[in-house]
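Worksheet for the structure shown next.
The values are calculated or read from the model by the stated rules, or taken from the named source; none is laboratory data. What you are looking at is a predicted structure, and each value in this text was computed from that prediction instead of being measured. A quick note on method: Cβ atoms are made from the backbone with ideal geometry, for glycine too, and the neighbour counts reach across all protein chains shown. When the accessible area is computed, the model is the full protein with side chains, heavy atoms only, and any ligands, DNA or RNA have been set aside. Shrake-Rupley method; radii C 1.70, N 1.55, O 1.52, S 1.80 Å.
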Amino acid sequence: MVAQKKGASRGSEDPEELARVPLQAILLADSFTTKFRPITLERPKVLLPLVNAPMISYTLAWLESAGVEEVFVFCCAHSKQVIKYLENSEWFSQPNFTVTTIESHDSVSAGDALRLIYERNVIHGDFVLISGDTVSNMSLTQVLQEHKERRKKDSNAVMTIVIKRSKPSQITRQSRLGTDELFMAIDPNTKQLLYYEDKADHAKGSIYLDKLLLADKSSISLHNDKQDCYIDICSPEVLSLFTDNFDYQHLRRHFLKGLLVDDIMGYKIFTHEIHSSYAARIDNYRSYDAISKDIIQRWTYPLVPDVKFFGDSSTKLERLGMYRASEIGQSRSAQIGPFTVIGNGTKIGDNTKISNSVIGEGCSIGPNVSIEGSYVWNNVTIEDGCKLRHVIVCDGVIMKSGAVLEPGVVLSFKVVIGQQFIVPSYSKVSLLPQPTKQDSDEELEYADNSTGIAEISSLTHTLDKSNGEIVNEQQETQRWPTSELGTGGAGYVWSVCEGGHDEEWRHSVAPIPAEKLAEVIQAVEDDLEFAQDGSSLPPSGELKLDSNDSDYDEESRDDSYFENEVEATFLRAVDENIKVEHVVLEVNSLRLSSNKQTADCAGAIFYSMMKLALETPHNSASELVQATTKVITNWKGLLKYYLSDIDEEIEVIMKFEDMCLESAKEFSPVFDKILYLLYDQEVIREEAILRWDDEKREADESDRIFVRQAETFIKWLREASEEEDEEE
Amino acid sequence: MDFQVVVLAGGTSKKLVPLVSKELPKALLPVANRPVISYVLELLELSNLKDIIVAVEGKEAHDCVEHWTDEAYIDRLRIKVERVPDDVGTAGALRAVAHLLTAKDILVVSGDIVSDVSPGAVAAAHRRHDAVVTTMLCSAPVSGPSDSGSSVAKDKGKKPGHYDRIGLDPTKQFLLYIATGTELEKDIRIQKSILCAVGQMEIRSDLMDAHLYAFKRSVLQEVLKQKDKFQSLKRDVLPYLVRTQLSSEVLLNGVPQPEENGHEKSSYQNNEEMLSQILANSSTASFHELYALGSRCSFPVRRTHKCCVYIASNSKYCMRLNSIQAFNDINRDVIGDASHLSGYSFSAQNNIIHPSAELGSKTTVGPHCMLGEASIMGDKCSVKRSVIGRHCRIGSNVKVVNSVVMNHVSIADGCTIQNSVICSNVQLQERVVLKDCQVGANFVVTTGSECKGEALAKKEK
């Protein structure tokens, strides 16, 4: 076995190193996503065939060849199937390579998985963390070496992630693997990762980096041309970090970003870029397609179909990148094009054309069939005259004569397509009905709340229906009668890819259709124009003039959030009779966390107090004043804490005015009384009232309602102060 | 070369008081006994850039500079000294001289640069890429300007090492991002569109904008005209051009190029020309062109312009005389480490003593010193790492260390001068001790005074 030999030779390169701590790896045999539904309802993703071999076998073969000695396979969804596969495979009986399975039934994320593994206490040193859908042929020697050396110098260097150059398309903003574009900032000297932004929000035209990043280094590299290979070299601390931060779920979105943001612990993440070797992860149908092609075109050597690295296939490579198993029944007139793999025991009828496709084992393909760019798994029956372009057909599917699959279709296990039936683009067909919404909510950590309305055309939904309607209908579990797949058809057509947060075409096996591209280009251009209007940087000279709308929104949202929090705190204090000092502490911490002034606190507290008074049952204005008096007398200590200077007192008066005009109109008739009350209780000093009056003097008449209401009181105050002056 | 040069010579900078005065504007401050502006002018001459406009603020300053350049360069360079309004910023100064600009490209250089980086190389880089703007970058002083000498820095409180933030593409030819001045206080904000187009951007804080720019004239004039709020080239015009490089507005407004081409080209022709240019060019197209072409690879769909950089090599010298500290440093460097800049030939003792200067007995002039024409020194004096101007009279037992003494200064016996600048016509009476001082022109320091870290000057009448 070539791969095995390779592993052995690598092992001997630094025997002492490996002798001390056996190199361990954690393989997550569950991607905790729903991108491969409906297929993954019946079979775990890691067991799906990738060029006629289960994905996990690629990962395990690579781990073994890279010198990993102990692999912990974490199984969650369909764990029995994974364990059964491993038991029947030869992975359990390899020398110098132990595979241990860890089973869990309640993990919903990578974070849960790692926490569980931490509890098992099986990891003793640096380990490789990958998921079971990774295809790679990279050597781990160098990256492990780098990681260890960094660890010696700095124990905070807990993780090294592997990246590879891959420039995303500027139009679709995604890589050829169908993953979203990724923005990273890396220190070019130390390779430390400083910033990581996937699932970029394109509405924001800029990336913000903390200026302190440049404080102690002279340069930072920003990258948009790298792809995350999801191969991580981790120190044991990573597991305990997941345990400490029990809310970490996603390796990237939570863990990695959490570490980057948190500067208290000072944990550091580094990157390792590979140049000539291959590493990619099957994340969606598009990457399934892209990686299959890479395997056929031998980028992943030695993990290619004609090298026996697993199982007992005896495929041979022929010219033009054609791989044919030894026992196939191919008609003389059948044409098999380049870059095609034909599995064992498959029969191909007359005049059938197959190109750029993978056909599994034991399929029977009738005459006059045309298959292009498609993935046909095992034991599929395709009757005469069928047409398949850029589709995935799972095990046991039967396509009756003349059926047509348009690009992007996915047929799950044992689906039957009726005669002459045409399955429209991007349809997903399964024997299982589409799960209800609640089911997908379990995975809500991952399946992004469907903010972007997915676009799909399904069987009965005519294209002219708006997206909104489709989504609504999808929620009421529609049961598709089997006859919907043509005469003798069997299966439900799913309307929207579960968790598909983006338009269907992005992640489909089918190439992006030209008209879609044109549409996106148009959108990009519109964006550009928009960016020029709105979010582009204002000229630095005019920075202050332009106020950003979104910033403003955020601020006002902040305001109400802060007020609500203060109010809740205050009400709790009233209910539980908490001491004023304690309330002050709480409000102060709120103030700091929302970055507010003490005047804001005074306003918010006053607002809460008045609201409390208002909510006390009352029948007349005088009763309201009484209630208010009570509240103010009880809580003036709290309010006064925030009224250290005159501006804050004015703020309170203004706030009161606002309330009388808007939220609590009941107060408006008694404005002057309450103002007097505040003065009497020494909450507000007379200077504040006089200043407020002065400020309002220039204001509109409509703005002066309350000034006039309080006129007599103000007049009295003025006279009183004049008298005082005279006395002096 | 079809280049016009605008030298922004400023006026009497407030930062340099008391060194500057109405008679001695910033441009004429002596560096190794030559006006600082002569370094720029001669550097330009070396690159065969002879069509020069010098923009000066203030009437007296203008007259002084004009007088001096007329005398010094009458046969060698075509210099026109223009007076520009005060306090209009660099962009304002350019607006004021815009009517004189005719060449296809304009080189704008600050008059206070002392450097040996060839402006010709910057101009060539500009032309090579057909850029809208090319800026020269040099490495920023490692840890603030104070580190280069033994002198104590006054502004040590300032964060060292942070001058500009500059974003470059991987080939280090294009400028993708620049932040200067107050923007350095904010977080780094990078436009995604530019980053996406390039793929990789390096943000550097160890480079500094050296205030030498090449502009396409049509664009420069257009920007100055449209954006009348722009004050500074460095803080407004350059960041604006960098920001809009992938959604160019400057060429959108149909800046005609009739002078160059004789007729206005239709955009169609331009596009075709550009395509053929790309195809013909054996080197790969820059990201600007690729971006402009979009995916369809037919006609450019987006308007872009290029902002280039010329990065001076580390071994080159480039300093701006914009503070008193810099004045001291530059003077020391020009007769010391960067002596090739001075244009003088040094003696075997590594110093320059004018043949007409007289030295008393037991007087030593150390290496890295300069003693100007007809200056007289008494007995037992010692001069170290200092520049002494013309016609100075220096008594006996005088020590001058790390200082600049301008012309016609008289220093009486027993004075000690350290880390100081003595302007022209100053009189130091006996046993004066100066440390870290600046003495303005015509000032008299009385017998026995001891000063430390002071600026001594006559009050302006």
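Name the shape class, rounded, prolate or oblate, that the alpha-carbon gyration tensor gives for region A:371-435, where a ≥ b ≥ c are the square roots of its eigenvalues, rounded holds for a/c under 1.5, and otherwise prolate holds if a/b is larger than b/c and oblate otherwise. Spell out each step's value before the answer.
Details: a/c = 1.32, a/b = 1.22, b/c = 1.09.
It is rounded, given that a/c, with a ≥ b ≥ c, falls under 1.5.
How shielded is B:199-212 by partner chains, expressed as the average number of their Cβ atoms within 10 Å of its Cβ atoms? Display every interim value, and only then the final one.
Details: counts 10, 11, 8, 7, 11, 7, 9, 4, 2, 0, 0, 0, 0, 0.
Counting Cβ atoms of other protein chains within 10 Å of each residue's Cβ and averaging gives 5.
Averaged across B:228-236, how many Cβ atoms of other chains sit within 10 Å of each residue's Cβ atom?
For peptide B:228-236, the averaged partner shielding equals 2.
Inside 10 Å of the C-beta atoms of B:182-190, what's the mean count of C-beta atoms belonging to other chains? Walk me through the numbers on the way to the answer.
On the way: counts 2, 4, 2, 1, 3, 8, 13, 7, 11.
That works out to 6 on average.
For a quick check: with amide H placed at 1.01 Å from N, whose amide H comes under 5 Å from A:V158's, ignoring anything fewer than 5 positions away on the same chain?
A:K268
Please give the net charge around A:S364, taking every other residue with its beta carbon less than 12 angstrom from that of A:S364, where Lys and Arg add +1 and Asp and Glu add -1.
Values: positive: A:K347; negative: A:E361, A:E383, A:D384.
Net charge in that neighbourhood comes out at -2.
Let a ≥ b ≥ c be the square roots of the eigenvalues of the Cα gyration tensor of region A:565-617; is it rounded (a/c under 1.5), or, if not, prolate (a/b larger than b/c) or oblate? Write out the running numbers ahead of the final one.
On the way: a/c = 2.48, a/b = 1.42, b/c = 1.75.
The shape class here is oblate.
Output needed for region A:278-377: three equivalent-ellipsoid semi-axes, defined as square roots of 5 times the C-alpha gyration tensor eigenvalues, in descending order, whole Å.
Details: eigenvalues 102, 46, 26 Å².
Semi-axes (√(5λ), whole Å): 23, 15, 11.
Could you let me know the centre-to-centre spacing of region A:348-362 and region B:325-364, using Cα atoms, in angstrom?
87
Which value, in Å² rounded to 10, gives the accessible area of B:F346 with a 1.4 Å probe and all protein chains present?
Approximately 50 Å² for this residue.
Could you state the number of Å between the C-alpha centres of region B:21-72 and region A:61-135?
Between the Cα centre of region A:61-135 and that of region B:21-72, the gap is 75 Å.
Which ³J(HN,Hα) values, rounded to whole Hz and listed in residue order, are derived for region A:261-268 from phi using the Karplus coefficients 6.51, -1.76 and 1.60 in 6.51 cos²θ - 1.76 cosθ + 1.60 with θ = phi - 60°, glycine and proline given as x?
My calculation for region A:261-268 gives 7, 6, 9, 7, 6, x, 5, 10 Hz in order.
If one takes the accessible area of chain A alone plus chain B alone and subtracts that of the pair, with a 1.4 Å probe, what total in Å², rounded to the nearest 100, results? Numbers along the way, then the final one.
Details: alone 34550 and 21560 Å², together 52510 Å².
Using a 1.4 Å probe, the pair buries roughly 3600 Å².
Let's see if you can work this out: charge +1 on each Lys and Arg Cβ, -1 on each Asp and Glu Cβ, no other charges. What is the dipole magnitude of region B:361-420 about its Cα centre, in debye to the nearest 20?
Details: 7 positive and 3 negative charges, 27 e Å.
Dipole size: approximately 140 debye.
Rounded if a/c is under 1.5, else prolate if a/b is larger than b/c, else oblate: which is region A:583-717, with a ≥ b ≥ c the root eigenvalues of its Cα gyration tensor? Mind dumping the intermediate values first?
On the way: a/c = 1.63, a/b = 1.19, b/c = 1.37.
Oblate, since a/c reaches 1.5 and b/c is not below a/b.
Can you list residues from other chains, or at least 5 along the same chain, whose modelled amide H is less than 5 Å from the amide H of B:I188?
Hits under the 5 Å cutoff: A:L209, A:D210, A:K211.
When Rg is the radius of gyration of the Cα atoms in region A:323-428 and Rh is its Kirkwood radius, what does Rg/Rh come to? List each step's numbers first, then the result.
Numbers: Rg = 11.9 Å, Rh = 12.9 Å.
Reported Rg/Rh, Kirkwood definition of Rh: 0.93.
Amide H to amide H under 5 Å from A:I102: which residues, 5+ apart in sequence or cross-chain, H placed 1.01 Å off N in plane?
Hits under the 5 Å cutoff: A:V73, A:F74, A:C75.
If you take all C-alpha pairs in region A:25-170, what percent of them are over 29 Å apart?
Numbers: 1891 of 10585 pairs.
Percent of Cα pairs beyond 29 Å in region A:25-170: 18.
Compute the distance from the alpha-carbon center of region A:614-691 to that of region B:112-128, in whole Å.
Region A:614-691 and region B:112-128 have Cα centres separated by 69 Å.
I'd like the accessible area for A:V261: 1.4 Å probe, protein heavy atoms, all chains in place, Å² to the nearest 10.
Answer for A:V261: close to 120 Å² accessible.
Rank these by accessible area, largest first, 1.4 Å probe: B:T304, A:T271.
On the way: B:T304 25, A:T271 5 Å².
From most accessible down to least: B:T304, A:T271.
Show me A:216-228, A:672-684, B:22-34 ranked by packing, highest mean number of other Cβ atoms within 10 Å first. Walk me through the intermediate numbers first.
On the way: A:216-228: 21.0, A:672-684: 18.1, B:22-34: 22.8.
The peptides rank, most packed first, as B:22-34, A:216-228, A:672-684.
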